[in-house]
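Since the structure comes first, as structure tokens, the remarks are kept for the end.
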């Protein structure tokens with residue numbers, strides 16, 4: 001008699017339970033829930049005074065002025081000040097002891113619902129500085145366009161951008177004074193459906209190009225498209241897929257479409273991407289174990305990790321762990337950005353760290 005192949009349910013385990021176990025195992029792996037980090041310290045670091053409720057994204061101008069978004073309230077994540085509106089801070093990294101200064105925002109903008117996420121700057125030919133800010137007022141997605149007034153340490157709000165393709169925006173990279181690429185980190189906007197999307201491992205996240213004359217999807221198939229940035233020669237777009245633990249290199253075409261070039265697989269959850277303008281090195285804040293990030297426990301804090309990636313277009317990119325902490329100093333690192341030997345490390349909802357390399 002021919003032997004019958006045993007199925008998991010033959011051992012008293014229902015197929016339904018078996019399927020749930022498979023899904024949970026995938027979630028466990030996507031969240032890196034078993035990973036612990038060995039510390040990597042830097043000798044000259046200090047926490048930045050005045051930043052207490054997050055520094056989710058950082059963008060540094062060529063002249064050393066650093067913009068920092070703070071106060072993000074994101075579904076499922078901790079907030080140390082849930083009722084406090086978000087802020088944009090400025091640091092001048094040319095100073096010997098740089099400090100964070102909150103930028104004033106012009107009247108007419110709804111500060112009470114300001115919930116800033118990813119940011120990007122664009123310097124026009126006349127040296128006008130534009131700041132693009134992903135905003136989640138009332139848990140929706142908009143992109144706010146500001147003009148930076150340096151003499152006044154202020155931001156003048158120019159317009160709010162909304163579109164049916166900009167549904168769950170995470171990060172942004174400016175292409176002009178009113179155009180950009182943006183990542184949608186989920187397909188669904190409802191928190192429960194977002195969770196189901198993640199549980200099922202749906203690759204429905206995407207990248208959208210926006211300009212006043214054209215809005216279109218230019219890349220898709222991500223588990224959760226997160227950080228986005230552009231190479232110094234402006235030929236390639238880099239996209240971090242936080243739940244797939246990798247960075248995608250995409251070639252940018254004249255019609256703004258993107259085509260896949262390569263994927264760099266890593267062992268951590270990659271958040272925002274910053275580009276060192278002279279070398280093209282990618283600096284990124286990462287989440288070694290996202291389970292600790294989403295299930296916040298003061299006794300088991302979310303860790304921080306900073307990677308530097310050199311020569312990503314080569315066959316053997318060099319990946320260096322520059323900084324790692326178990327959460328005792330810095331919790332939930334989301335970005336790392338450099339300027340002339342100085343390093344800023346930001347977090348989703350915690351503090352920010354200034355280091356001299």
Taking each pair of different alpha-carbon atoms in region 17-356 once, compute 1/r for the pair, average those values, and report the inverse of that mean as the Kirkwood hydrodynamic radius in Å to one decimal. 19.9 Å
Where does each of 133, 318 land when they are ranked from fewest to most other beta-carbon atoms within 10 angstrom? 318, 133
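Viscosity 1.567 mPa s, temperature 4 °C: Stokes-Einstein D of region 35-85 from its Kirkwood Cα radius, in µm² per second? Working shown, then result.
Numbers: Rh = 13.8 Å.
Answer from the Stokes-Einstein relation: 94 µm²/s.
How much length, in nm to one decimal, is gained on full extension between residue 265 and residue 215, taken as 0.36 nm per residue of separation minus their Cα-Cα distance? Walk me through the numbers before you get to the answer.
Details: separation 50, 0.36 × 50 = 18.00 nm, distance 2.97 nm.
Extra length from residue 265 to residue 215 when fully extended: 15.0 nm.
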Run the quick spin-label model on residue 152 and residue 164: label points 7 Å from Cα toward the beta carbon, then report their separation in nm to one decimal. 3.8 nm
Does anyone have the angle between helix 15-30 and the longest principal axis of the chain? Alpha-carbon axes, 0 to 90°, nearest 10? 30 degrees
Hits in region 319-343: amide N under 16 Å from the 7 Å Cα→Cβ extension of residue 357, namely 319-324, 335-343
Using only DSSP helix segments of four residues or longer, with each worth -39500 (n - 2.57), what per-residue ellipticity at 222 nm results for the chain after dividing by its residue count and rounding to 500? -2500 deg cm²/dmol
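Starting with the highest mean, order 212-224, 45-57 by the number of other Cβ atoms within 10 Å, averaged over the residues of each peptide.
Working: 212-224: 15.8, 45-57: 20.5.
Output ranking for 212-224, 45-57: 45-57, 212-224.
Give, in nm to one decimal, the length gained when the segment between residue 106 and residue 196 is fully stretched (0.36 nm per residue of separation minus the Cα-Cα distance).
Answer, rounded to one decimal: 28.5 nm.
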List residues of region 38-78, by number, whose backbone nitrogen lies under 18 Å from a label position 7 Å along Cα→C-beta of residue 300. 38, 77-78
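How would you order 283-289, 83-89 from highest to lowest mean count of nearby Cβ atoms within 10 Å?
Peptide ranking by packing, descending: 283-289, 83-89.
Highest mean first, what order results for 178-188, 99-109 on Cβ atoms within 10 Å? Walk me through the numbers before you get to the answer.
Details: 178-188: 22.2, 99-109: 14.4.
Output ranking for 178-188, 99-109: 178-188, 99-109.
If you take the beta carbon distance between residue 257 and residue 138 as r and set R0 to 35 Å, what does 1/(1 + (r/R0)^6) give as a FRET efficiency, to the nearest 0.05?
Numbers: r = 33 Å, r/R0 = 0.93.
About 0.60, to the nearest 0.05.
Taken together, the values in this text are just the output of simple stated rules run on the coordinates, not laboratory data. What you are looking at is a predicted structure, and each value in this text was computed from that prediction instead of being measured. Virtual Cβ from ideal backbone geometry, glycine too; neighbours counted across all protein chains shown.
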